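Participant: Mind having a look at this structure? Questions to follow.
The numbers here are math on the coordinates, done by the rules we state, and not lab data. Quick caveat, the model's predicted, so the values are computed rather than measured. Ideal geometry is used to build each Cβ from the backbone, glycine not excepted, and the neighbour counts take in all protein chains shown.
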Amino acid sequence: MLLLPKTSQLPDDPILGLIPLYNQDPRPEKMNLAIGGYKDGNGLPVVMNAVRKAELALYEQHLNKEYLPIDGDPLFRSETIKLIFGQDSSLIPANSIHCAQTIGASGALTVGAEFLKELNIHSIAISDPTWTNHSSLFHHAGLQITEYSYYDRITHEINFEKMCDSINRLPQGTAILLQTCCHNPTGCDPTEEQWEYLSSLIDDRGLFPFFDCAYQGFDRGIAEDTRGIRIFTKKNIPLCIAYSYSKNFGLYGERVGALCTITGNSDSIEVRSHINRLIRGNYSSPPLQGARIVTTILTNPELKNEWNIQLDQMRERIYTMRLSLADKLAKKISEDFDFVKKQRGMFGFIKTNPDQIMALREQYGIYMPLSGRISIPGLTEHNIDAFVDALKNVF
Ligand code: LMR
């Protein structure tokens, strides 16, 4: 019999590893401030109205369950390009952009990273800090990982000078991961002027921008939130985009995303042949239902409008909670928490250390990753005071 080495037990995932712990916690007052998922004003998960209607419409069509093409449904792919680039999509020649449907943005990050190696790019720089899974995905895809400076833990803002300084030191031919908006985990994004500056810097340095676009609609709105990407494409800078429909359509578990690629000197048919080979050799072809839901909504003006309105309401609720949290923290803890108001999207840090986070978990059933990131949508008018009181007690 083959004697296998004994495997050691690895630590749980810092974010998704908290799901079973939270689910098993019997305390009714428990709070999930860990996972980046939208919750309504009662703390409950939301299936968007347009999604329910699209599901019903799809059910009534009695569609078959045949395989999709390797890079997904053509209509889904063209709608995704329109959503990211808006009116400007007509400025991008159709033969220079390729979009493949993927298993969430994580699938896009993985396939994108593998494609980078085919372009002779073997390393990627990620922001310090970034979503904890970025390094894992890129590591497994075989890229070398380096970091560039991003968040200043004292001012709670981007240290732009330091950021540019470290980008300036990256070797030519390195990919650089940029989050389009609502940076996970800091909630701090470059301004429009900073995006302009970054696009020139990255282009001049010969770096390859890889955008992670997971929160379109959660900063200012669908049209505004991809402004960073559009600044790069106006300058004809080659890039990749890993796009997620998890948050803005609430399709988390459906795993629906896309990988868009503009390489400049290869046309989309050539790029497609490479991406298709990578997908086929990885998970073969993408799943049906999530993409069908998205396409049904985006191609139906009434459903699209309903989706957009509800997305606006979700963004507003998060923002209201953000303002309320900053004010309540400042009152209870007598420190400045104004930076919380400036951060955008679902996440941010609120000056907690791992001991305090463990105390919140053990004493109050409040779940946050040990990094100190808070997922604001987990707060409601009903639990926010209890959260602030608990935080004061462990401070
Ligand atoms: C998060 O950051 O909480 C989400 O993107 C969920 C995940 O996969 O980590």
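Participant: So if I take the centroid of the Cα atoms in region 249-269 and the same for region 69-112, what is the distance between those two points in Å?
Facilitator: Cα centres, region 249-269 to region 69-112: 4 Å.
Participant: Antiparallel as a % of all DSSP beta bridges within region 195-344, to the nearest 5?
Facilitator: Restricted to region 195-344, the bridges split so that about 60 percent are antiparallel.
Participant: Another question, then. Calculate the dipole size of region 185-239 relative to its Cα centre from +1 charges on Lys and Arg beta carbons and -1 charges on Asp and Glu beta carbons; express the result in debye to the nearest 20.
Facilitator: Details: 6 positive and 10 negative charges, 39 e Å.
It comes to approximately 180 debye.
Participant: For region 330-376, what log10 I(q)/I(0) values come out of the Debye formula at q = 0.19, 0.21 1/Å, with one point per alpha carbon and no solvent?
Facilitator: -0.66, -0.79
Participant: Can you tell me the length gained on complete extension of the stretch Asp312 to Arg277, counting 0.36 nm per residue apart and subtracting the Cα distance?
Facilitator: Between Asp312 and Arg277, full extension yields 8.8 nm more.
Participant: Within region 41-73, what residues put their amide N at less than 20 Å from the label point 7 Å along the Cα-to-Cβ vector of Glu302?
Facilitator: Counting only backbone N, you get 48-62.
Participant: Could I have the simple spin-label model distance between His62 and Leu75, label points 7 Å from Cα toward Cβ, reported in nm to one decimal?
Facilitator: 1.9 nm
Participant: A further question on this structure: Could you tell me the distance between the Cα centroids of region 31-62 and region 354-382, to the nearest Å?
Facilitator: So the separation of the two Cα centres works out to 24 Å.
Participant: Now, a different point. What does the highest-first list of 381-388, 329-336 look like by mean Cβ count within 10 Å?
Facilitator: 381-388, 329-336
Participant: List the GluC sites (Glu not before Pro) in region 32-69 that DSSP assigns to loop (not H, G, I, E or B) and whose Cβ has at most 10 other Cβ atoms within 10 Å. Which are they?
Facilitator: Details: sites: Glu55, Glu60, Glu66; in loops: Glu66.
Of the GluC sites (Glu not before Pro), the ones in loops of region 32-69 whose Cβ has at most 10 other Cβ atoms within 10 Å are Glu66.
Participant: So which trypsin sites (Lys or Arg not before Pro) in region 213-317 end up in coil per DSSP with only 15 or fewer other C-beta atoms within 10 Å?
Facilitator: Arg220, Lys235
Participant: By per-residue mean of other Cβ atoms within 10 Å, what is the highest-first order of 83-89, 237-243?
Facilitator: Going from most to least packed, we get 237-243, 83-89.
Participant: How high is the FRET efficiency between Asn49 and Thr132 when r is their beta carbon distance and R₀ equals 41 Å, given to the nearest 0.05?
Facilitator: Result of the calculation: an efficiency of 0.80.
Participant: Over 21 Å between C-alpha atoms is what I'm after, so list which of Lys162/Lys234; Lys331/Lys392; Lys82/Lys235; Lys234/Lys342; Lys39/Lys351 land there.
Facilitator: Lys162/Lys234; Lys234/Lys342; Lys39/Lys351
Participant: Extending each Cα 7 Å along its Cβ direction at Asp204 and Asn95, get the distance between those two points in nm, one decimal.
Facilitator: Calculated label separation equals 3.4 nm.
Participant: In vacuo Debye scattering of the chain, one point per C-alpha: log10 I(q)/I(0) at q = 0.06 Å⁻¹?
Facilitator: Each listed q corresponds, in turn, to -0.24.
Participant: I need the calculated FRET efficiency for the pair Ser8 and Asp88, taking r as the beta carbon distance and R₀ as 35 Å, to the nearest 0.05. Walk me through the numbers before you get to the answer.
Facilitator: Working: r = 50 Å, r/R0 = 1.43.
Step by step, r from the Cβ atoms, then E = 0.10.
Participant: At R0 = 35 Å, how high is the FRET efficiency between Ile19 and Lys342 if r is their beta carbon distance? Nearest 0.05 is fine. Don't jump to the answer; show the numbers that get you there.
Facilitator: Numbers: r = 30 Å, r/R0 = 0.84.
The computed FRET efficiency comes out at 0.75.
Participant: Along its three principal axes, how long is region 126-269 when you only count alpha carbons? Whole Å, largest extent first please.
Facilitator: For region 126-269, the Cα spread along each principal axis is 43, 39, 32 Å.
Participant: Going by how many other Cβ atoms sit within 10 Å of their own, how do Met358, Met163 line up, fewest first?
Facilitator: Details: Met358 13, Met163 21.
The fewest-first ordering by Cβ neighbours comes to Met358, Met163.
Participant: Between helix 192-205 and the chain, what is the angle of the helix's C-alpha long axis to the longest principal axis, kept within 0 to 90° and rounded to the nearest 10?
Facilitator: The angle comes out at about 50 degrees.
Participant: Just rank His98, His62, fewest to most, by other beta-carbon atoms within 10 angstrom. Write down the numbers at each step before the final one.
Facilitator: Working: His98 26, His62 6.
The most exposed by this proxy come first: His62, His98.
Participant: Taking neighbour counts of Cβ atoms within 10 Å as a proxy for exposure, in what order, fewest first, do Trp195, Trp131 appear?
Facilitator: Lowest to highest Cβ neighbour count: Trp195, Trp131.
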